[in-house]
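Working notes, structure below.
The values are calculated or read from the model by the stated rules, or taken from the named source; none is laboratory data. Remember, it's a predicted structure, so these values are computed and weren't measured experimentally. Note that we place each Cβ from the backbone using ideal geometry, even for glycine, and neighbour counts take in every protein chain shown. Areas reflect the complete protein model, heavy atoms only, side chains present, ligands, DNA and RNA absent. Shrake-Rupley method; radii C 1.70, N 1.55, O 1.52, S 1.80 Å.
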Amino acid sequence: VDRRASATGDLGIADPAEFEAAFREHFAPVYRFICRRVGAALAEDLAAEVFATAYRRRASFQSGRGSLRSWLYGIAVNVVRNHWRAEQHLLALDAQLLPVADLADGADEIDRRLVAASLAPRLAAALQMLTREQREVLLLYAWAELSHEEIAAALKIAPGTARSRLSRARALLREQLGHFDFGRWTFDEPGIGLAPEGRDHG
Amino acid sequence: MNQASAWHQKGGTMADEIELLRLFRDEMPGPSAGAWARAESAIAAARSEGSLPGSRRRWASRLPASHLARSRLAVGIAAAVAAAALTIALLPGSEPAGRAPVGRGSAPAGTGSTLPAIESRRGLPSAALVGKAMLTAFSAANDDILYSIQTGINRGVVVDIYRDWSWPAQPVTGRQERYRSAFTERISRTAPLKLTEDDGFIYLVPPANWNYATGRLTVVCYAGTGQTGCGYGDTETPPGTWSQHYGRFVNPNPGLNDLRPAALAREIADGQWRVTGRTHLNGQQAIELTQTPAGFYQPPPTLLWVNAHTYLPLRMIQGANKPESAQVDWYFLKPTAANLALLRVPIPAGYRRSGPPGT
């Protein structure tokens, strides 16, 4: 971590004004990370808890030991960890949702959000099957977009451990997804209902 | 046709499962105005607690890390005091005396330090003069071993203690520096203080502001402390083991510019401290300085005591009279064989070696 290259916060957040700037920069992504994991009902309280905790502990942030982002997500992971059951429950509900109805083929309206919604049940089911450790690493990488080193700093594990844990989590996710073919955008097995008409499902 | 395949046929791309997860994330709206307000309210509540930031591991108070680094420029007190400090046990499970929140006057028996009472406010030197005298004092002691004890106190209970040794006291770019840090903590208010982690790092001092330094790192992670492991930088050492690593690790003294003896003296001369009285501390005549609101160490009040004869710093307390406070005591040791032995990290009997193979 190059302290001189940090945008905000990484030079220190001990000063209330610096903390305020860090809060403005990082609250929204941290909130979304939590919201995606435990739902909106809990997210407001937990995201607030993350930043109140960060404020209390702000002097313990050491830029030489990782980025401010990774430090904040480390707190967020700990906060969410206490709500494991809520997360599992939310994933179970998501997994039971039916994929949203297809739009008409005038597909200009189709956007990424709809794609995500259509795949959400399967993805939620897959995430539900991961262990806590695997899920934490995977979601810090995919949703928080932390690097291996930042994940390591957030979870206080070695970068090599983060890398291998992520690799394993990705493999398991693919397995749980039922071999979704990213090249052809189809699931190999029948009944998923996501393949284009006339392909693969006979 | 479903959304995914239709989007794909329209040219949408999704490389892998990570991209899929990000699509899943992106459908989540950002925080509402209520969520922002809720967080702002929680931060305001935390601020109103008047607490110092917590420790690197739990809820303990400690000075900012940069304070610890900056403190290493500060050197020495009398040898007799240093020798007394070294009698503090550094064994697993040992428990130095607890310290109550500091206050002026006498402390209840057994509760440790208090803020020494101001004895005189007459004939005080100017802050500029104190700063200049400190510069001279630092320079004379640069080659000795700096030993500091940093104590975090939470509502009357000592919650963590960092004992650090650095030699030479003032790191010099391009020269070898030996550093040891022994961390003791209490995992709950009722648990005993226990030596948790002991790190030794022999390294080549990098240029100013480099975050990493190259050298040999030794880590002992004590068992039975409640910690699931120890780590210096990117290393991992399980409890009940020790490890040794060669390579690039976190620089224990980043920001060498801040470590120069001139830094603290300049702060004093620049008006960030004001001289507030004369007193006695540990049997020594001392000058008390109080940080002004423009000072580096927050929250106030932060107090500093400097030996009235040697102009070497004795003690700093951050958050004096607050529910959480942190105190640093500085000692300066001559680099005798016995004192240099303190820089070595002892490996407890029966501890197996862990860590990367071949190191």
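Around residue B:278, with a cut-off of 13 angstrom between Cβ atoms, what is the net charge of the other residues, counting Lys and Arg +1 and Asp and Glu -1? Around residue B:278, the charge tally is 0. 3J(HN,Hα) couplings calculated from phi for segment B:123-128 with the Karplus curve 6.51 cos²θ - 1.76 cosθ + 1.60 (θ = phi - 60°) are, in sequence order, x, 6, x, 6, 4, 4 Hz; Gly and Pro show x. By definition, a body whose alpha carbon gyration tensor gives a ≥ b ≥ c is prolate when a/c is 1.5 or more and a/b is larger than b/c, and segment A:120-174 fits this prolate description.
Within 10 Å of the Cβ of each residue in A:158-169, the mean number of Cβ atoms contributed by other protein chains is 1.
With r defined as the distance between the Cβ atoms of residue B:120 and residue A:92 and R0 fixed at 51 Å, what FRET efficiency is calculated, to the nearest 0.05? About 0.10, to the nearest 0.05. Residue by residue, segment B:283-290 carries 3J(HN,Hα) couplings of x, 10, 5, 9, 9, 9, 10, 10 Hz when phi is fed to the Karplus relation 6.51 cos²θ - 1.76 cosθ + 1.60 (θ = phi - 60°); x denotes Gly or Pro.
Chains B and A together bury roughly 6600 Å² of accessible area, counting both sides, with a 1.4 Å probe on protein heavy atoms only. Counts of other chain beta carbons within 10 angstrom of each beta carbon in peptide A:40-53 average 5. The Cβ shell under 9 Å around residue B:241 holds other residues with a net charge of +2, Lys and Arg each +1, Asp and Glu each -1. By a 1.4 Å probe calculation restricted to protein chains, residue A:143 has an accessible surface near 10 Å², given to the nearest 10. Listed peptides A:154-160, A:42-48 appear in the order A:42-48, A:154-160 once ranked by packing, highest mean of other Cβ atoms within 10 Å at the front. Shape analysis of segment B:296-346 places it in the oblate category; the axes a ≥ b ≥ c from the Cα gyration tensor give an a/c of at least 1.5, with a/b not above b/c. Rounded if a/c is under 1.5, else prolate if a/b beats b/c, else oblate: with a ≥ b ≥ c from the C-alpha gyration tensor eigenvalues square-rooted, which is segment B:106-229? It comes out oblate by the Cα gyration axes. Amide hydrogen proximity for residue B:286: with H placed 1.01 Å from N in the peptide plane, the residues at 5 or more positions away or on another chain lying under 5 Å are B:279, B:280, B:281, B:308. Using a Förster distance of 22 angstrom, determine the FRET efficiency expected from the C-beta separation of residue B:246 and residue B:143, and round it to 0.05. So, using R0 = 22 Å, E works out to roughly 0.25.
Other residues with beta-carbon under 11 Å from the beta-carbon of residue A:133 carry, at +1 per Lys or Arg and -1 per Asp or Glu, a net charge of +4. With the simple spin-label model, which puts each label point 7 Å out from Cα in the Cβ direction, the residue B:188 to residue B:223 separation comes to 2.2 nm.
The largest accessible area among A:89, B:309 belongs to the first residue in B:309, A:89, and the rest follow in falling order (1.4 Å probe, all chains). Take each residue of peptide A:27-36, count the partner chain Cβ atoms within 10 Å of its Cβ, and average: the result is 5.
Taking 29 Å as the limit for the C-alpha separation, the pairs B:194/B:322; B:132/B:322; A:156/B:194 exceed it in the case of B:132/B:322. Remark: spin-label model distance residue B:33-residue A:24 equals 1.9 nm, labels positioned 7 Å along the Cα→Cβ axis. Backbone amide hydrogens, once placed in the peptide plane, bring residue B:158 within less than 5 Å of B:99, excluding anything fewer than 5 places away on its chain. Each residue, residue B:274 and residue A:84, gets one label point 7 Å from its Cα in the Cβ direction; the gap between the two is 5.5 nm.
Residue A:80 contributes about 0 Å² of solvent-accessible surface, heavy atoms of the protein only, 1.4 Å probe.
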